[in-house]
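**Q** Okay, handing you the structure first.
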Amino acid sequence: MKVIASSIRKGNVIEQDGKLYVVLSAENIHPGKGTPVSQIEMRRIGDGVKVSERYKTTDQVEKATVEDRNFNYLYEDADGFHFMNAETYDQVQVSKEIVGSAAPYLQENMTVKLSMHDLNPVAIQLPQRATLEVVETEPVTKGQTASSSYKPAILSNGVRTSVPPHIGTGTRIVVMTEDGSYVERAKD
């Protein structure tokens, strides 16, 4: 299926020179003068090599047919990450290259979207938010509750983030899975 380059988004799968690429980031650049371009960073699915391409925004790009399906995360071992299709109970193994920076946020039974191409997983999409526990941060300072300065914290998955001053060690918080940024205190 041919589409114009400016419509490509993160997570799409592109076919180029007979190889499949998953899009890591796509940015449309409109310089003051000259032709607008689409800067696309992608990873080759076969071997994990990162490639950066520039297309005119009107160039035609071959978008691979990909099926998004929901899978539940089971466990990780030396071979990679294992997921199960909740409807068919089929299990799928996903390599560490495909999971990439999403790995620390995977939690048992978490539902994720796997993009499948010819029954092979090519990309993963996490839920936007995850609930994690703060395992290390500076103690709460009295009288600092209204200040807008955030303090560093380490979460139960090992990710470093910044939290408001009133959040202490042991507090469960909700973070964005894309960048680990603080959203709110968990409601549980």
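The values are calculated or read from the model by the stated rules, or taken from the named source; none is laboratory data. Here the structure is a predicted model, which means the values were calculated and not measured. FYI the Cβ positions are ideal-geometry reconstructions off the backbone, even for glycines, and counts take in every protein chain you see. Just so you know, the surface numbers come from the protein's heavy atoms only, side chains and all, with ligands and any DNA or RNA stripped out. Shrake-Rupley method; radii C 1.70, N 1.55, O 1.52, S 1.80 Å.
**Q** Modelled label-to-label distance, Thr35 and Ser7, 7 Å Cα→beta-carbon offset: nm?
**A** Result for the modelled spin labels: 1.9 nm.
**Q** Run the helix sum for the chain: -39,500 (n - 2.57) per DSSP H stretch of 4+ residues, divided by residue count, reported at 222 nm to the nearest 500 deg cm²/dmol.
**A** When only DSSP H runs of four or more count, the value is -500 deg cm²/dmol.
**Q** In the chain, which longest range has no chymotrypsin sites (Phe, Trp or Tyr not before Pro) that are both DSSP loop (not H, G, I, E or B) and surrounded by at most 15 other Cβ atoms within 10 Å?
**A** 1-88
**Q** Counting pairs of alpha carbon atoms under 8 Å apart in space and at least six apart in sequence, what relative contact order in percent does segment 20-87 give?
**A** So the answer I get is 21 percent.
**Q** Efficiency by 1/(1 + (r/R0)^6): what FRET value for Gln60 and Val140, r their Cβ-Cβ distance, R0 = 35 Å, to the nearest 0.05?
**A** According to the calculation, E is roughly 0.05.
**Q** Give me Rg/Rg_expected for the chain, where Rg uses Cα atoms only and Rg_expected = 2.2 N^0.38 Å with N residues.
**A** Numbers: Rg = 19.9 Å, N = 188, 2.2 N^0.38 = 16.1 Å.
For the chain, the normalised Cα radius of gyration is 1.24.
**Q** Could you calculate the contour length gain from Glu133 to Glu87, that is, 0.36 nm times the residue separation minus the distance between their Cα atoms, to one decimal place in nm?
**A** Full-extension gain reported as 13.5 nm.
**Q** On to the next question. At 0.36 nm per residue, and after removing the present C-alpha to C-alpha distance, how many nm does the segment from Gln16 to Ser95 gain when stretched out fully?
**A** Value of the extension gain: 26.3 nm.
**Q** Tell me the relative contact order for the chain as a rounded percent, counting alpha carbon contacts under 8 Å between residues six or more apart. Spell out each step's value before the answer.
**A** Details: 403 pairs, mean separation 26.7, N = 188.
Computed over the chain, the figure is 14 percent.
**Q** Could you give me D for segment 1-92, from Stokes-Einstein at 37 °C and 0.692 mPa s, where the hydrodynamic radius is the Kirkwood radius over C-alpha pairs? Units µm² s⁻¹, please.
**A** Approximately 218 µm²/s, per Stokes-Einstein.
**Q** If you count only protein heavy atoms with a 1.4 Å probe, what accessible area per residue comes out for segment 129-185, rounded to a whole Å²?
**A** Working: 3320 Å² over 57 residues.
Accessible area per residue, segment 129-185: 58 Å².
**Q** Could you please state how large a percent of the accessible area of the chain is carbon and sulfur, counting protein chains only and using a 1.4 Å probe?
**A** Ligands and nucleic acids excluded, carbon and sulfur give 46 percent.
**Q** Show log10 I(q)/I(0) for segment 67-125 at q = 0.14 Å⁻¹, two decimals, from a solvent-free Debye sum over equal Cα scatterers.
**A** Normalising to I(0) and taking log10 leaves -0.30.
**Q** Shifting gears a bit: What net charge is computed for the residues neighbouring Asp47, neighbours being all others with C-beta under 14 Å from the C-beta of Asp47, Lys and Arg scored +1, Asp and Glu -1?
**A** +3
**Q** So between Val183 and Gln125, what do we pick up on full extension, going 0.36 nm a residue minus the alpha carbon distance?
**A** Gain on extension, Val183 to Gln125, equals 19.0 nm.
**Q** Right, something else. State, as an integer percentage, the relative contact order of segment 68-148 based on alpha-carbon contacts under 8 Å between residues 6 or more apart.
**A** About 25 percent, as a whole number.
**Q** Using alpha-carbon positions, what is the distance between the centroids of segment 12-62 and segment 148-188, in Å?
**A** With segment 12-62 and segment 148-188 each reduced to a Cα centre, they are spaced 34 Å.
**Q** Another question about this same structure. Treating cross-link reach as a plain straight distance, find the lysines whose alpha-carbon is under 24 Å from the alpha-carbon of Lys56, omitting any fewer than eight places away in the same chain.
**A** Correct list for Lys56: Lys2, Lys10, Lys19, Lys33.
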